[in-house]
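So the structure is just underneath, and the comments pick up after that.
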Amino acid sequence: MKLSVREMVLFGLLGGLMFAAKIVVAHLPNIEPVSLFVILIAACFSWKGLYAVYTYVFLEYAVWGFGLWSVCYLYVWLILFCAARLLRNMESRLGWAVLAGGFGLLFGALCALVYWVSGGWAAAVAWWISGIPMDLMHGAGNFVITFALFLPLRKRLMTLRRQYQL
């Protein structure tokens, strides 16, 4: 996939914006706008939008370093991106909010796969169960943020896409 200069700039800025937006709300427990951004980028752009997603992942690694959590970032955002690409023509903001909320609820289970590989089933289940309260907040936060912001942000991104012929 070859990127134009415009696409490189746009996807770099979107990846940086995702990271900055997460930092701004970092004081809130498991409330993050990253899921909304991943869904928006997948719905508005082609598979090239993955450059923005992995720019965000790179920034996370650059600032916070590496650990078991960082392995799951390689695939969890890809799963959400693929789900949103499949649903990209959906017009229901409730549908998008359900996708984002469901992803938040499943986030711990998806990340538990890393702990299963590194420590076995007992480690994975213990890690997942201990994180269920955070997953509940994550799911609720994703649902509310996406329900409120998806449609107006999608409209703006689609205008940008048409304006710059991306």
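Annotations for the structure displayed:
- Every residue from the stretch 35-66 that is of a type in the set (G, A, S) and over 18 Å from F19 (Cα atoms): A43, S46
- Hey, G102 open to solvent by less than 20 Å² (accessible area, probe 1.4 Å), assigned to a helix (DSSP H, G or I) and not β-branched (V, I, T) or not: no
- Count of the stretch 77-99 residues, restricted to those that are part of a helix (DSSP H, G or I), free of Cβ contacts under 8 Å to residues at least 60 places away in the same chain and not β-branched (V, I, T), is 14.
- Within the stretch 29-44, the set of residues being assigned to a loop (DSSP other than H, G, I, E, B) and touching a Lys or Arg at 6+ places or on another chain (Cβ under 7 Å) comprises E32, P33.
- Search result, residues across the stretch 46-61 that are at pLDDT 95 or above and either of a type in the set (S, T, Y) or within 22 Å of L151 (Cβ to Cβ) (or both): G49, Y51, A52, V53, Y54, T55, Y56, Y61
- Selection within the stretch 14-33 - open to solvent by 50 Å² or more (accessible area, probe 1.4 Å) and without any contact (Cβ under 8 Å) to a residue 12 or more places away in the chain: I23, V24, A26, H27
- Scoring T159 on the criteria (1) β-branched (V, I, T); (2) more than 19 Å from V76 (Cα to Cα); (3) touching a helix residue (DSSP H, G or I) at 6+ places or on another chain (Cβ under 9 Å) leaves a single failure, condition (3).
- Residue match in the stretch 62-76 (condition: under 21 Å from L151 (Cα atoms), in a helix (DSSP H, G or I) and open to solvent by less than 50 Å² (accessible area, probe 1.4 Å)): no
- Members of the stretch 111-125 found to be without any contact (Cβ under 8 Å) to a residue 40 or more places away in the chain, under 20 Å from I79 (Cα atoms) and open to solvent by 60 Å² or more (accessible area, probe 1.4 Å), listed by number: W116, V117
- On inspection, A83 fails the criterion of being surrounded by fewer than 21 Cβ atoms within 10 Å (Cβ to Cβ), more than 24 Å from T55 (Cα to Cα) and among the aliphatic types (A, V, I, L, M).
- Residues within the stretch 64-111 that are under 13 Å from the mean Cα position of the chain (by Cα) and β-branched (V, I, T), tallied: 2
- Residues (open to solvent by 70 Å² or more (accessible area, probe 1.4 Å), among the aliphatic types (A, V, I, L, M) and without any contact (Cβ under 8 Å) to a residue 60 or more places away in the chain) located in the stretch 126-150: I129, L136, V144
The values are calculated or read from the model by the stated rules, or taken from the named source; none is laboratory data. In this text the structure is predicted, and so the values were computed from the model without any measurement. We place every Cβ from the backbone using ideal geometry, glycine too, and count neighbours over all the protein chains shown. Only protein heavy atoms, including side chains, enter the accessible area calculation; ligands, DNA and RNA are left aside. Shrake-Rupley method; radii C 1.70, N 1.55, O 1.52, S 1.80 Å.
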